[in-house]
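Read through the structure below, which is laid out as structure tokens, and then see the notes.
The values are calculated or read from the model by the stated rules, or taken from the named source; none is laboratory data. Note that the structure is predicted; figures quoted are calculated from it, not measured. Positions of Cβ are generated from backbone atoms using ideal geometry, with glycine treated the same way; all protein chains shown enter the neighbour counts. The area values use the complete protein model at the heavy-atom level, side chains included, leaving out ligands, DNA and RNA. Shrake-Rupley method; radii C 1.70, N 1.55, O 1.52, S 1.80 Å.
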Amino acid sequence: MDTLNPSEQRDLQRLAAMMIPASAEYGVPGADDPAIFADIIRSLGRDLPSARAALAALAEGGPFADLAAEKAEALAASLRTTPDLLVLHRLVLLCYYRDDRVMRSLGQEPRPPFPKGHVVEQGDWSLLDPVRARPPIWRPA
Amino acid sequence: MADPVDVLIIGAGASGAAVAWSLADTRMRILCLEQGGWMKPSEYPSTGRDWEARQFGDFHISPNVRKLPADYPINDDNSPIKIVNFNAVGGSTILYAGHFPRVHPSDFRVRSLDGVADDWPIDYATLEPFFAENDRMMGVSGLAGDPAYPAKSSPMPPLPLGKSGARLGAAMNRLGWHWWPSDSTLATQDYEGRARCINLAHCLYGCAQGAKASTDITYWPEALRAGVELRTHCRVREITLNEHGMAKGVVYYDENGVEQFQAAEVVIVAANGVGTPRLLLNSVSGKFPNGLANSSGQVGRNLMLHPYAQTYGYVDEPLDGNHGPPLCLWSHEFYETDPSRDFVRGYIFQMSRGVGALTEAITSSAAGRLPWGADHHRVYRNLLNHRIGMAAICEDLPEAHNRVTLDPVLKDGNGIPAPRIDYTLSENSRRMLAHGRARALDILREAGATNCDGELPIAYAGWHLLGTARMGDDPDNSVVNSWGRSHDVRNLFIVDGSLFVTSGGVNPTSTIQALALYVADSMKQRLATLFD
Ligand SMILES: Cc1cc2nc3c(=O)[nH]c(=O)nc-3n(C[C@H](O)[C@H](O)[C@H](O)COP(=O)(O)OP(=O)(O)OC[C@H]3O[C@@H](n4cnc5c(N)ncnc54)[C@H](O)[C@@H]3O)c2cc1C
């Protein structure tokens, strides 16, 4: 299967960590965490061409992974809204926000919606009383 | 060549399913050709951990991104609103949210009441019995007593208010504005073999529970049991004519891409407001060099899409998030024309709960609310499940230059010319969108929301495809008559959203299906004289 080469992967891992770094305060891994990163690589699919193009732009002056922090930040910021980097960002987010540890830290059960579903409270239907009391608001025609 | 059928229906979506079911009791030989296949609910996104991710891939609402074999490309570059749909048994109801308002009585009299567009050749009373029949067949949840409508009732109780609905409802009460639980085709009780809604909340991407009434699980099983034949993976290229100028049948490509001809006594087109004009424009002949049934030149014109003003904000406590059906309430406060406003006609608000974890992250990143880096986690935790919002569904008036034509270059997988959309927002729509945004901000502020944002109009929101083969009494400016029969070709009928003369300011599927049932009923009443 076609995928990113090792140097592209190294650059992407650095970028992922810049997008979502690990946080001790919230007890969550960063997007460069090995399990999340492996998911990102596995999920490239249709986004591979955009990912490649975004990483190529980041690596124009040499490997992005080797840049000094300030330079890397500035370069990523300058490209942040380019269509290819937006696609890559989306890919990082979509693998990050389904990781079990991340979901638990957000109080979300790490599972698909089906078959358990969720519970929604009925709410207080007496709230509708003032609306019930209104005369018709549709125009006869 | 296959045996001729009595009735051939093209498209197995919302309207095709309804018309097939209704005509089945005539015991005629009825065949439906559908370019897509049957869906497998066990494979819907909500059954897997990648449930949110699939909305960017094989369940994207745009056929141009999704690119499944059943899809055809649509050149919508020249439209600020992109066309979205689904092509399968069930059609776009596989993806629809099931928000199910009817149009209002005044929507049939737009010219008489407000001096714009045209009146319909039928009225609300004509459709009323078919609205009710459709509500029963689709299974509608709702609450009687809404002052926004003439009296009506629903077979099931409404969707729960939840925390989001209660907060929005209380805000509307303080403003003194109308709100009501929406009519919805999400079953709140077990209904006719369908299981009740368990709040999977991913309604837009196929309901794995079967609680949402897509027509593959409502009308179709009943139509098939009654003897209708449904042939899937069959894409119709054109409708052909006989020497008397009547529809002879259709040329289509079967599952293997092999060209076939199917003869029929009656042809009914139910391919939606883009698929139907595309098919008619692709059906050229000596008699109809500009497309079948197009002597009026109206085929493809007057495309109406309902520009959406979406607005949302964040409150200081977690609400329902995406743990309930996204749409729960409506407001018709700004529906009817008010001369004190700077636009005619109006809109409803459909009010929404929050979005999923991934969708929150993606939309908030795109909007610049959610930063990269160390602060990402803190900011995100103030967004997830704190969102409430609404969309104003603005009535789009018919304009001849908003249209579907054939793209000179783009073709589908069978080499059939694809549709091209040319659409601009009118000044009236822009003003209405601005009004909808301003009132939404009033509501959100009253509900305690801050950090408000939205999309105006929503780009990927061309889900209501209306007006491109409109009905009317005058053959010079309409495509079909008041009961769906082509003025030009007397055994050709249209039953989908193309028929709409004006768009109303509500989601249209309840009305589309009521129209399909009404056309079927009109045909049944006239079987002996159908072609006179
Ligand atoms: C994401 C989304 C959300 C929506 N939410 C709502 C909502 O909440 N409420 C609401 O009222 N509406 C909603 N809608 C709109 C609703 O789905 C449509 O109004 C309704 O499905 C239109 O019915 P139809 O019969 O005209 O067309 P469709 O349901 O689109 O069916 C047309 C069928 O024709 C088939 N077809 C087309 N061309 C050919 C051909 N040449 N040969 C063979 N088959 C063909 C297609 O494959 C398709 O299955 C939504 C739509 C989308 C996409």
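Would you call residue B:470 under 19 Å from residue B:105 (Cα atoms) and of a type in the set (D, E, K, R)? Taking the combined requirement at face value, the residue satisfies it. A single member of B:259, B:255, B:238 is within 14 Å of the ligand (Cβ to nearest atom), surrounded by fewer than 23 Cβ atoms within 10 Å (Cβ to Cβ), away from chain A (no Cβ under 14 Å) and within 22 Å of residue B:43 (Cα to Cα), and it is B:255.
Residues in segment A:89-126 that are more than 30 Å from residue B:179 (Cα to Cα), of a type in the set (Gly, Ala, Ser) and at the interface with chain B (Cβ under 7 Å from one of its Cβ atoms): none. Looking across segment B:327-344, the residues that are away from chain A (no Cβ under 11 Å) and farther than 13 Å from residue B:183 by Cα come down to B:339, B:340, B:341, B:342, B:343, B:344.
The condition (being part of a loop (DSSP other than H, G, I, E, B) and more than 10 Å from every other protein chain (Cβ to nearest Cβ)) is satisfied by just one residue among A:2, A:84, A:11: A:2. Scanning segment A:83-110 for residues that are open to solvent by 40 Å² or more (accessible area, probe 1.4 Å) and either in contact with an Asp or Glu (Cβ under 9 Å, 6 or more places away or on another chain) or closer than 18 Å to residue B:56 by Cα (or both) yields a count of 6. Reported count of residues in segment B:167-190, each being in contact with a Gly (Cβ under 6 Å, 6 or more places away or on another chain) and either acidic (Asp, Glu) or closer than 18 Å to residue A:115 by Cα (or both), is 3. Residues that are near the ligand (Cβ under 7 Å from one of its atoms), of a type in the set (A, V, I, L, M, F, W, C) and either in a helix (DSSP H, G or I) or open to solvent by 10 Å² or more (accessible area, probe 1.4 Å) (or both) occur at least once in segment B:88-107. For segment B:120-133, the count of residues that are in a loop (DSSP other than H, G, I, E, B), β-branched (Val, Ile, Thr), open to solvent by less than 20 Å² (accessible area, probe 1.4 Å) and out of contact with any helix residue (DSSP H, G or I) (no Cβ under 6 Å at 6 or more places or on another chain) is at least one.
The rows are residues; the columns are (1) open to solvent by 40 Å² or more (accessible area, probe 1.4 Å); (2) in a loop (DSSP other than H, G, I, E, B).
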| site | (1), (2) |
| --- | --- |
| B:358 | no, no |
| B:362 | no, no |
| B:373 | no, yes |
| B:377 | no, no |
| B:380 | no, no |
| B:385 | no, yes |
| B:388 | no, no |
| B:392 | no, no |
| B:400 | yes, yes |
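Among strands (runs of 3 or more DSSP E) entirely within segment B:414-497, having at least 1 residues that are within 14 Å of the ligand (Cβ to nearest atom) singles out B:417-422, B:492-494.
Residue B:123 meets all of the listed conditions (1) closer than 27 Å to residue B:177 by Cα; (2) facing another protein chain (nearest Cβ under 10 Å) but one, namely (1).
Tallying residues that are assigned to a loop (DSSP other than H, G, I, E, B), closer than 30 Å to residue B:432 by Cβ and not aromatic (Phe, Trp, Tyr) within segment B:498-532 yields 8.
If a residue has to be among the charged types (D, E, K, R) and away from chain A (no Cβ under 14 Å) to count, how many in segment B:18-70 make the cut? Qualifying residue count, segment B:18-70: 4. On the basis of being open to solvent by 20 Å² or more (accessible area, probe 1.4 Å), among the acidic types (Asp, Glu) and either under 29 Å from residue B:188 (Cβ atoms) or assigned to a helix (DSSP H, G or I) (or both), does residue B:77 make the cut? Answer is no for this residue.
For segment B:278-298, enumerate the residues that are touching a strand residue (DSSP E or B) at 6+ places or on another chain (Cβ under 6 Å) and either surrounded by fewer than 22 Cβ atoms within 10 Å (Cβ to Cβ) or within 14 Å of chain A (Cβ to nearest Cβ) (or both). Selection gives B:282, B:285. Flag not set for residue B:144, criterion: away from chain A (no Cβ under 14 Å) and open to solvent by 10 Å² or more (accessible area, probe 1.4 Å). Going by what's in this entry, would residue B:161 be described as within 10 Å of chain A (Cβ to nearest Cβ), open to solvent by 20 Å² or more (accessible area, probe 1.4 Å) and among the hydrophobic types (A, V, I, L, M, F, W, C)? It is false that residue B:161 is within 10 Å of chain A (Cβ to nearest Cβ), open to solvent by 20 Å² or more (accessible area, probe 1.4 Å) and among the hydrophobic types (A, V, I, L, M, F, W, C).
Scanning segment B:207-223 for residues that are under 20 Å from residue B:54 (Cα atoms) and facing another protein chain (nearest Cβ under 10 Å) gives B:207, B:208, B:209.
Apart from one condition, residue A:57 fits all of (1) at the interface with chain B (Cβ under 7 Å from one of its Cβ atoms); (2) surrounded by fewer than 18 Cβ atoms within 10 Å (Cβ to Cβ); (3) outside any loop (DSSP other than H, G, I, E, B); the exception is (1).
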